[in-house]
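To start, the structure under review is shown below, and the notes come after it.
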Amino acid sequence: MTKTGNLSINSENIFPIIKKWLYSDHDIFVREVISNGCDAITKLHKLEVMGEYAYPDGHKDSIQVIVNPEEKTLKFIDTGLGMTADEVEEYITQIAFSGATAFLEKYKDKTNKDEIIGHFGLGFYSVFMVSDNVEIDTLSFQKDASPVHWECDGSSEYTIGDGTKTTVGTEITLHLNEESLEFANEYRMREVLEKYCSFMPVEIFLSKANAPQEYETIDESELRDDDVIVERIHEDAKTEEKEDENGNKETVEVSPARDRVKINRRPVSISDTHPLWTKHPNDCTEEEYKTFYRKVFMDYKEPLFWIHLNMDYPFNLKGILYFPRINTEYDSIEGTIKLYNNQVFIADNIKEVIPEYLMLLKGVIDCPDFPLNVSRSALQNDGFVKKISDYISKKVADKLSGMCKTERETYEKYWDDISPFLKYGCIKDQKFNERMMDYILYKDINGKYQTLKELVPEKTEEQPEDTQEKVDFDESQDVPEETSEAGDTAENKEEEKKQTTVYYVTDEIQQSQYINMFKDAGLNAVILRHNIDTAFITHVERQREDVKFQRIDADVTDTFKEETSGEDLKETTDALTEVFHKALNNDKLQVKVEKLKNENVSSLMILSEESRRMQDMMKMYGMDAAMYGGEETLVLNANNKLVSYILEHKDGEHVPMICQQLYDLAMLAHKPLNPDEMTKFIARSNEIMMMLAK
């Protein structure tokens, strides 16, 4: 037998859940109550535009927040459309019945839903998280409406009856519980209002009940109609006696006479009702962008640059994203993205909205289409969020590529700050990679910035290989010119793509010896010092098969060597290998002898590019790089006098010390010595100097 029925919800059971678990932060009740007040004001404005209501003389939209620590109360007073007794019963006493939704349905052909904040009809109940008792006094805009008073102690019971309010709008009074008395403190309430309501579309004023009146003095010409004049003040002209160029004294007027007035201090709205992101980019000045940045993020270092988002289709999104200046590696590299919904603060750094590689950004994003959860503090898992993330990624790429094309000097100035994040973005996001790869800059050892296409022009059908523009990097043919067993030469095989080697430096100080050798030989190299660069160059090599990267100390290129055959140096290599193995007590050390053109270079340490990348990868995953082979190779210069001395005096008294010193010098130019090695190196250096001093 089957049976159908209706689900029932017991308010006595669900009410405590709403109060305790709906919101993670108790101070969020302020946002919810003020959002309701903003909606009430927006609705009344809509009705006024439609001719269904006329504002009284002197009307001004506002929300008043009044703290009263003596009475332990907190009041919210709005100038919105108010409620009748029936509406209070309908909107307040029915949990999850949204007055905003009902209003939009009633006027769906005459109003814009994006301007209404509320959605779920639950926000009001957040006040019971901090209150023992809540009162509502309201007067509807409707003609001949009667004021209404509603009261509830947080249980499922309430009382409703006639009220005493005389002006259209709603006043909510919270009688705070003992755990929430902090919200009756003026400074604490200001902090919460600035957190959630700094950019609400209605002016918000905070005051303390029974506080003494404060005053200010202004010029009479600055008076406004709503100013309360306390006293009129006439100030006579001020003069000073000065000497003219001839030494004669004369009386000079310093400031003219003026009429001033003492007035009640004007209240200052906590809310900026027209924040910068709501304006068109053409209407915003550079100084306004910088001022907004300082105000919102309390960062007094000027941002590098910013991107103003202004999109109406296929979704409504506005905002400003700033690239902050990061002065040192110790600065926080995680920015702050503040999310807003109709100028109502939702949350900081919801990572689904901003791509991971752009989390250094600081900024605000306002989107009324955000798929919010019930508490409006997080986003629902929605494909729409991915579209927003993709849009932001595209706008950032468009801005940067545009700068590279039209403001190259400025782009280069910012490059060192932003490059790690853009390279990470290219690795993580293929679409971002496609947009940005041609605008990734490489700074060379001469301080010049170039794109990869500028460093290594891509071959085209119109540009034959033998006329291809040459660059300051080595080109190597992968296919050797030798005869195979079948008698075919490599020329008869399918020719593999010719690769250009781009040399790079990771530490200009550590690798200075190699850099000097490159400069002397007229070669170039790019500087890749960031941790992300190891992964990035591998990524680039996948994108450009005609390019390979190699650190300058991965090998000794032919440019630095005299032309010799392997047989010419075999005997020398065997002899020096034996001497160094014995002196260093290391039979596994690989030793290679070359005739370098620069006779002042005695020794070099090299590690193949493949071995280095494998070791770096193992370190990244917390593995012991020593487990992997690929030991360093000591390269000795047969043209160096010190190396020749070792060769001629293999069994000499000081040869072991010289061998150890040459090894450490080569290693120092390759990577840092460990503490024990450095201690021995310093002691040995002192010993050598003492020998020379004798």
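The values are calculated or read from the model by the stated rules, or taken from the named source; none is laboratory data. Values in this document were obtained by computation on a predicted structure and should not be read as measured data. Neighbour counts run over all protein chains shown; Cβ positions are idealised from the backbone, glycine included. In case anyone asks, the SASA skips ligands and DNA or RNA and just uses the protein heavy atoms, side chains included. Shrake-Rupley method; radii C 1.70, N 1.55, O 1.52, S 1.80 Å.
Considering only residues that are of a type outside the set (A, V, I, L, M, F, W, C) and touching a residue at least 40 places away in the same chain (Cβ under 8 Å), look in region 511-527 and name the one that is surrounded by the fewest Cβ atoms within 10 Å (Cβ to Cβ). Across region 511-527, the extreme among qualifying residues is 522. Any residue at all in region 352-371 that's more than 22 Å from residue 528 (Cβ to Cβ), modelled with pLDDT of 85 or more and open to solvent by 20 Å² or more (accessible area, probe 1.4 Å)? Yes, that holds for at least one residue.
Taking the conditions (1) modelled with pLDDT under 85; (2) out of contact with any helix residue (DSSP H, G or I) (no Cβ under 8 Å at 6 or more places or on another chain); (3) among the polar types (S, T, N, Q) in turn, residue 644 satisfies each one other than (1). Number of residues in region 122-147 that are within 14 Å of residue 178 (Cα to Cα) and either among the acidic types (Asp, Glu) or not in a helix (DSSP H, G or I) (or both): the value is 4. Filtering region 9-28 for residues that are crowded, with 21+ Cβ neighbours inside 10 Å and at pLDDT 90 or above leaves an empty set.
The set of residues from region 166-197 being crowded, with 19+ Cβ neighbours inside 10 Å and either under 29 Å from residue 53 (Cβ atoms) or among the charged types (D, E, K, R) (or both) comprises 168, 169, 170, 171, 172, 173, 174, 193, 196, 197.
Quick test for you: out of 588, 570, pick the one residue that is at pLDDT 85 or above, open to solvent by 20 Å² or more (accessible area, probe 1.4 Å) and not in a loop (DSSP other than H, G, I, E, B).
Details: 588 fails: not in a loop (DSSP other than H, G, I, E, B).
None of the other options fit; the residue is 570.
Residues of region 199-234 that are assigned to a loop (DSSP other than H, G, I, E, B), within 14 Å of residue 65 (Cα to Cα) and not aliphatic (A, V, I, L, M): 203, 210.
Do we find that residue 226 is open to solvent by 70 Å² or more (accessible area, probe 1.4 Å), under 44 Å from the mean Cα position of the chain (by Cα) and not small (Gly, Ala, Ser) in this structure? First the steps, then the outcome.
Values: open to solvent by 70 Å² or more (accessible area, probe 1.4 Å): yes; under 44 Å from the mean Cα position of the chain (by Cα): yes; not small (Gly, Ala, Ser): yes.
Yes, satisfied.
Kindly check whether there is at least one residue in region 185-192 that is polar (S, T, N, Q), within 26 Å of residue 344 (Cβ to Cβ) and out of contact with any strand residue (DSSP E or B) (no Cβ under 6 Å at 6 or more places or on another chain).
Step one: of region 185-192, the residues polar (S, T, N, Q) are 185.
Okay, now just the ones that are also within 26 Å of residue 344 (Cβ to Cβ), so 185.
Checking the rest, the ones that are also out of contact with any strand residue (DSSP E or B) (no Cβ under 6 Å at 6 or more places or on another chain) come to 185.
So far as region 185-192 goes, yes, one or more of its residues are polar (S, T, N, Q), within 26 Å of residue 344 (Cβ to Cβ) and out of contact with any strand residue (DSSP E or B) (no Cβ under 6 Å at 6 or more places or on another chain).
The number of residues in region 241-282 that are in a strand (DSSP E or B) and modelled with pLDDT under 85 comes to 10.
Residue by residue, here is whether (1) surrounded by fewer than 13 Cβ atoms within 10 Å (Cβ to Cβ); (2) at pLDDT below 85; (3) in contact with a Pro (Cβ under 9 Å, 6 or more places away or on another chain); (4) over 30 Å from residue 409 (Cβ atoms) holds:
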site	(1), (2), (3), (4)
449	no, no, no, no
477	yes, yes, no, yes
485	yes, yes, no, yes
499	no, yes, no, yes
504	no, no, no, no
534	no, no, no, no
539	no, no, no, no
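Counting the residues of region 136-157 that are crowded, with 16+ Cβ neighbours inside 10 Å and hydroxyl-bearing (Ser, Thr, Tyr) gives 2.
Show the residue pairs that are 6+ apart or on different chains and have beta-carbon atoms under 9 Å apart, the first residue being within region 207-231 and under 29 Å from residue 192 (Cβ atoms) and among the small types (Gly, Ala, Ser), the second being open to solvent by 50 Å² or more (accessible area, probe 1.4 Å) and not in a helix (DSSP H, G or I). Listed pairs, sorted by first residue: 207/64; 207/267; 209/69; 209/70; 209/71; 209/75.
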